[in-house]
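Notes to accompany the following structure.
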Amino acid sequence: MNGHVSQTSRPGTRLTRDDGAPCVTMASREGSPVSASEDGCLFCGIVAGDVPSEIVHTTERTVAFRDVNAQAPTHVLVVPKDHYSNAAELAAGDPAGLAELVATAQAVAAAEGHDDYRLVFNTGAGAGQTVFHTHLHVLAGRPMTWPPG
């Protein structure tokens with residue numbers, strides 16, 4: 001499970017991912033990890049409320065917010081509250097969490113008034129992933145071409 005951050009932390013401790021790479025500064029809130037963005041994980045910072053964003057939907061395990069570099073009239077990112085580096089690691093470590101990302105994406109699309117939408121995971125730098133915290137793009141509101149780029 002490279003990229004998953006341990007749930008067991010003391011407030012203010014610096015954690016590393018399972019592969020030894022630094023993740024973020026973590027603090028505990030009732031046993032759940034809360035991240036500060038200063039050490040580099042932008043999406044952990046958004047989840048923690050340390051980085052401003054336009055949040056459009058939350059569940060117990062997910063946060064959905066508007067992409068600042070929108071590629072469609074509706075472009076929302078859905079992230080798990082727990083840190084996994086990419087979709088493959090989330091699928092291996094928390095399959096139910098992966099399913100909840102997709103369910104959240106459907107709820108976002110419906111709330112935005114879309115029956116037709118595209119869901120995209122970029123896994124790895126070569127595929128265009130620039131923030132290494134699993135995120136699912138919800139794109140809608142314009143015609144989608146194939147192949148997608």
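The values are calculated or read from the model by the stated rules, or taken from the named source; none is laboratory data. As the structure is a computational prediction, the values presented were derived from the model and not from experiment. Here the Cβ positions follow ideal geometry from the backbone for every residue, glycine too, while neighbour counts run over all protein chains shown.
So, in the range 110-141, exactly how many residues are in contact (Cβ under 8 Å) with a residue 60 or more places away in the chain and of a type outside the set (A, V, I, L, M)? Steps first, answer last, please.
If we filter the range 110-141 for residues that are in contact (Cβ under 8 Å) with a residue 60 or more places away in the chain, which is where we start, we get 131-133, 135, 137-141.
Those still in the list that are of a type outside the set (A, V, I, L, M) too: 132-133, 135, 137, 141.
Number satisfying all stated conditions: 5.
Identify all residues within the range 61-101 that are more than 20 Å from Thr130 (Cα to Cα), part of a helix (DSSP H, G or I) and touching a residue at least 12 places away in the same chain (Cβ under 8 Å); write none if there are none.
Ala92, Gly93, Gly97, Glu100
Exactly one condition in (1) modelled with pLDDT of 95 or more; (2) closer than 23 Å to Cys41 by Cβ; (3) over 10 Å from the mean Cα position of the chain (by Cα); (4) β-branched (Val, Ile, Thr) is not met by Thr74; state its number.
Unmet for Thr74, out of (1) modelled with pLDDT of 95 or more; (2) closer than 23 Å to Cys41 by Cβ; (3) over 10 Å from the mean Cα position of the chain (by Cα); (4) β-branched (Val, Ile, Thr): (2).
Quick one: would you say Ala96 is surrounded by 13 or more Cβ atoms within 10 Å (Cβ to Cβ) and either on the phi > 0 side of the Ramachandran plot or small (Gly, Ala, Ser) (or both)? So that I can check it myself, show each step before the final result.
On the way: surrounded by 13 or more Cβ atoms within 10 Å (Cβ to Cβ): no; either on the phi > 0 side of the Ramachandran plot or small (Gly, Ala, Ser) (or both): yes.
Against the criterion (surrounded by 13 or more Cβ atoms within 10 Å (Cβ to Cβ) and either on the phi > 0 side of the Ramachandran plot or small (Gly, Ala, Ser) (or both)), Ala96 does not qualify.
For the structure I just gave you, tell me whether Ala70 is out of contact with any Ser or Thr (no Cβ under 8 Å at 6 or more places or on another chain), within 12 Å of Leu139 (Cα to Cα), among the hydrophobic types (A, V, I, L, M, F, W, C) and surrounded by fewer than 18 Cβ atoms within 10 Å (Cβ to Cβ).
Values: out of contact with any Ser or Thr (no Cβ under 8 Å at 6 or more places or on another chain): yes; within 12 Å of Leu139 (Cα to Cα): yes; among the hydrophobic types (A, V, I, L, M, F, W, C): yes; surrounded by fewer than 18 Cβ atoms within 10 Å (Cβ to Cβ): yes.
For Ala70, the condition - out of contact with any Ser or Thr (no Cβ under 8 Å at 6 or more places or on another chain), within 12 Å of Leu139 (Cα to Cα), among the hydrophobic types (A, V, I, L, M, F, W, C) and surrounded by fewer than 18 Cβ atoms within 10 Å (Cβ to Cβ) - is met.
Could you tell me whether Ile46 is surrounded by fewer than 17 Cβ atoms within 10 Å (Cβ to Cβ), of a type in the set (A, V, I, L, M, F, W, C) and farther than 25 Å from Trp146 by Cα? Break it down stepwise before answering.
Values: surrounded by fewer than 17 Cβ atoms within 10 Å (Cβ to Cβ): no; of a type in the set (A, V, I, L, M, F, W, C): yes; farther than 25 Å from Trp146 by Cα: yes.
It is false that Ile46 is surrounded by fewer than 17 Cβ atoms within 10 Å (Cβ to Cβ), of a type in the set (A, V, I, L, M, F, W, C) and farther than 25 Å from Trp146 by Cα.
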